[in-house]
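S.K.: Supplied in structure tokens, the structure appears directly below.
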Amino acid sequence: MKSPKIQQRVSLKHYNTFGIDARAKEFVSVESVDQLKQLLALDKEKFFLGGGSNMLLTRNVDALVVHLNLKGKEVVSEDEDQVVVKAMAGENWHEFVLWTLGRDFGGIENLSLIPGNVGTAPIQNIGAYGVELKDVFVSCQAIHIKTGEERTFSLGDCQFGYRDSIFKNEAKGLYVITAVTFALSKKDHRLNTSYGAIEKEIAARDIKEPTIQDVSNAVIAIRQSKLPDPKELGNSGSFFKNPVISIADFKKLQKKHPLIPHYILNQEKVKVPAGWLIEQAGFKGKRFGDAGVHTKQALVLVNYGDASGKEIWELAQRIQREVKKRFDIAIEAEVNIL
Ligand code: EPU
């Protein structure tokens, strides 16, 4: 087995979608599970990096940064109706979605164009337009960072919730995910077009019987109209999670702001869009140096070029304080802050 080369003092600017120019003390890219195991055995502090699409680097990383570049996707099994596919952690998420669409496998078309890699998708249970990763997830393979032991996490093991999983809680920092397995449909695809924006987009295209490709195209168009492309403008998608508040608090809020968009979760809880709260607090489209709030979606913080991670984090905290002051709601970062 070829040993991967460890480099010294490497800029991570091209390894995080915010485009933050933080430095790794040491850096290595691994292309196989065996290489990964070899590195895990080294007595060094390690930091694991996937697509870098859900993190904000506020400092240099004083560790060995291990870039997970494991590639490969395959059909594991299939019958007439369903196919089970496995993708390695370093596969780009959207390229994987396109690969499934190219074979007419249904289930992840609503998750088109989400930045990041396959291996990090389960950590925050990526979701968009009425579909979450958990809806198609079968299992994932992971390696314990300290012991090197391989383990398979089933759907139940992962304890998925809204932008949440075991990997953000009791298993946080303990495992590296190496591959993910999904169950997708081969025919009679169950389309999820109930999200208003998708319905509108499909109607505007005059499509009567949408296919999974049509849904994907609609999602791509909606995302492109609202969300900045990290290749053009550094960002990490939604910076904050949508807060969940009690019905009682929501009723008070609705009295003051009758037009507040909301989503009733159950008899006790309501989810409120953080983007709306941030826009009402006056931050949409604001720019402070090179750190800013996106002009078309207030939930997204952007790096106009040379913002440091610290500057973005300061802006995020300023937004949190203002939203708390105006609405008495604490909004939490969705992105991992380092
Ligand atoms: N809104 C505003 N102002 C804004 C942004 C949103 O008033 O600047 C209002 C909209 O008018 C709408 C509501 O907020 O009434 C919801 O907006 P949108 O449909 O854009 O969705 P979101 O709640 O802001 C969530 C996810 C996105 C995902 C979309 C679509 C979170 C934290 N974000 O955003 O996920 O694409 O729904 O499903 O749950 C991501 O995680 O990186 C991401 C982009």
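Coordinate-derived values only; no laboratory data. The structure presented is a predicted model; accordingly, all values stated were derived computationally and were not measured. Here the Cβ positions follow ideal geometry from the backbone for every residue, glycine too, while neighbour counts run over all protein chains shown.
S.K.: In Å and from the alpha-carbon atoms only, list the Rg and Dmax of the chain.
M.R.: So, for the chain, Rg and Dmax equal 20.5, 66 Å respectively.
S.K.: Just to check, using Stokes-Einstein with a Kirkwood Rh over alpha carbon pairs, what's the diffusion coefficient of region 118-197 at 4 °C and 1.567 mPa s in µm²/s? Can you show the working numbers first?
M.R.: On the way: Rh = 13.5 Å.
Approximately 96 µm²/s, per Stokes-Einstein.
S.K.: Given the convex hull over the Cα atoms of region 7-68, what projected area results after averaging over all orientations, in nm²?
M.R.: Average projection, Cα convex hull of region 7-68: 3.9 nm².
S.K.: Another question about this same structure. Along the Cα→Cβ direction, 7 angstrom out, place labels at Glu279 and Ser3. What is the inter-label distance in nm?
M.R.: Here the modelled spin labels are 5.6 nm apart.
S.K.: While we're here: Who wins for biggest fluctuation among Leu133, Leu36, Leu259 in a Gaussian network model of the chain, springs between alpha carbons below 10 Å?
M.R.: Sorting by GNM fluctuation, first place goes to Leu259.
S.K.: For the chain, with a Gaussian network of springs between Cα atoms less than 10 Å apart, report the residue from Gly237, Gly196, Gly51 with the top mean-square fluctuation.
M.R.: Of Gly237, Gly196, Gly51, the most mobile in the Gaussian network model is Gly196.
S.K.: Here is a follow-up. Rounded to the nearest 20 Debye, what is the dipole magnitude of the chain about its Cα centre when Lys and Arg each give +1 and Asp and Glu each give -1 at the C-beta?
M.R.: About 1340 debye.
S.K.: Moving to a separate point now. Using 1/(1 + (r/R0)^6) with R0 = 30 angstrom and r between the beta carbons of Asp188 and Glu232, what's the FRET efficiency to the nearest 0.05?
M.R.: Calculated transfer efficiency: 0.20.
S.K.: What distance in nm separates the two pseudo spin-label positions at Asp306 and Glu80, each 7 Å out from Cα along the beta-carbon direction?
M.R.: Between Asp306 and Glu80, the simple spin-label model gives 6.5 nm.
S.K.: Using Stokes-Einstein with the Kirkwood hydrodynamic radius over Cα pairs, what translational diffusion coefficient do you get for region 73-226 at 25 °C and a viscosity of 0.890 mPa s, in µm²/s rounded to a whole number?
M.R.: Values: Rh = 16.0 Å.
Roughly 153 µm²/s, to the nearest whole number.
S.K.: Which one of Asn217, Ile278, Ala41 is farthest out on the positive end of the charge dipole of the chain, using unit charges on Cβ (Lys, Arg +1; Asp, Glu -1) and the Cα centre as origin?
M.R.: Going by the Cα projections, it comes out as Ile278.
S.K.: Continuing with the same structure: Per the Kirkwood definition applied to all pairs of different Cα atoms, how many angstroms is the hydrodynamic radius of region 152-201? Don't skip to the end; give the middle numbers.
M.R.: Values: mean 1/r = 0.0714 Å⁻¹.
Across region 152-201, the inverse of the average 1/r is 14.0 Å.
S.K.: What would the Debye formula give as log10 I(q)/I(0) at q = 0.10, 0.21, 0.24 Å⁻¹ for the alpha-carbon point model of region 234-337, no solvent?
M.R.: Calculated log10 I(q)/I(0) at the listed q: -0.28, -1.04, -1.29.
S.K.: Right, another one. Calculate, in whole percent, how much of the Cα-Cα pair population of region 79-149 lies beyond 14 Å.
M.R.: Taking all Cα-Cα pairs of region 79-149, the fraction more than 14 Å apart is 62 percent.
S.K.: Still on this structure, please answer the following. What range in the chain is the longest one free of trypsin sites (Lys or Arg not before Pro) that are in a loop by DSSP and have at most 10 other Cβ atoms within 10 angstrom?
M.R.: Free of exposed loop sites, the longest segment is 6-145.
S.K.: Convex hull over the Cα atoms of region 1-142, averaged projected area in nm²?
M.R.: The directionally averaged projection comes out at 9.5 nm².
S.K.: Mind giving me the nanometre distance, one decimal, between the label points for Lys146 and His262, set 7 Å out from Cα along Cα→Cβ?
M.R.: 4.4 nm
S.K.: Let me check the size of region 276-338 from its C-alpha atoms; what are the radius of gyration and Dmax in Å?
M.R.: 11.0, 33
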